[in-house]
Amino acid sequence: MMDPNNLPHHVYLHKDHKYKLKLGFHAAPSNPKVFSKAIRDELNNLKFTYCSDLNGLIMGFGKISSNELIPADIRHCITVVVNVDVFIFRPPVGSIIEAVVNQTSDNHVSCLVHNLFNVSIVRPENEPYHQWSGSKIKKDNKIDVKVISFDLTKKTSSYYRSNN
């Protein structure tokens, strides 16, 4: 679990976000341990996906509470409504993020942010490779990436300034 007092850059805590989860009948609330694990497992399936309600990528979850249970349906699924503290990665456009280069080619540089999210820096079509500043970057370099857009498909598009 993330420490709310020591969050990485551009990760925000959103308290009491409401989710409606469908759980299999095996997760009946009569067995609190199984029920709790089923809720955590369902929430963990949402990690590193885009949440349009919160306009960011889900990094993890904190406190979970629930007091609304909907009886099993015809397919024997139990629906539970949970309130969850959600850690969201939402870098503002124009912000600078540190990234580690994991791959380079003649046309792009690929790097990881928070060791989780891929960022791709594409060489402009009209710029020769030897003049492109990305041609000087090597694998494992730490670079600063400026966010120029943040889209719905788990990608940040960007350009960079090297730390070197």
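Summary table
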{"read-out": "Residues (touching a residue at least 40 places away in the same chain (Cβ under 8 Å) and not in a strand (DSSP E or B)) located in segment 1-23", "value": "M1, M2, P4, L7, P8, H9, H10"}
{"read-out": "Failed item, numbered, when I148 is tested on (1) hydrophobic (A, V, I, L, M, F, W, C); (2) open to solvent by 50 Å² or more (accessible area, probe 1.4 Å); (3) at pLDDT 85 or above; (4) assigned to a strand (DSSP E or B)", "value": "(3)"}
{"read-out": "Within segment 108-125, considering residues that are of a type in the set (A, V, I, L, M, F, W, C) and closer than 15 Å to V147 by Cα, the one surrounded by the most Cβ atoms within 10 Å (Cβ to Cβ)", "value": "V109"}
{"read-out": "Candidate set: segment 102-121, residues that are at pLDDT below 90 and not hydroxyl-bearing (S, T, Y); chosen: the one farthest from T49 (Cα to Cα)", "value": "I121"}
{"read-out": "Matching option when the condition is closer than 29 Å to S149 by Cα, open to solvent by 90 Å² or more (accessible area, probe 1.4 Å) and modelled with pLDDT under 80, among N67, N45, N6", "value": "N6"}
{"read-out": "Complete set of residues in segment 90-107 that are open to solvent by 50 Å² or more (accessible area, probe 1.4 Å) and not charged (D, E, K, R)", "value": "P92, V93, I96, V100, N102, Q103, T104, N107"}
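The values are calculated or read from the model by the stated rules, or taken from the named source; none is laboratory data. Remember, it's a predicted structure, so these values are computed and weren't measured experimentally. Don't worry about glycine lacking a Cβ; one is built from the backbone with ideal geometry, like all the others, and counts go over all protein chains shown. When the accessible area is computed, the model is the full protein with side chains, heavy atoms only, and any ligands, DNA or RNA have been set aside. Shrake-Rupley method; radii C 1.70, N 1.55, O 1.52, S 1.80 Å.
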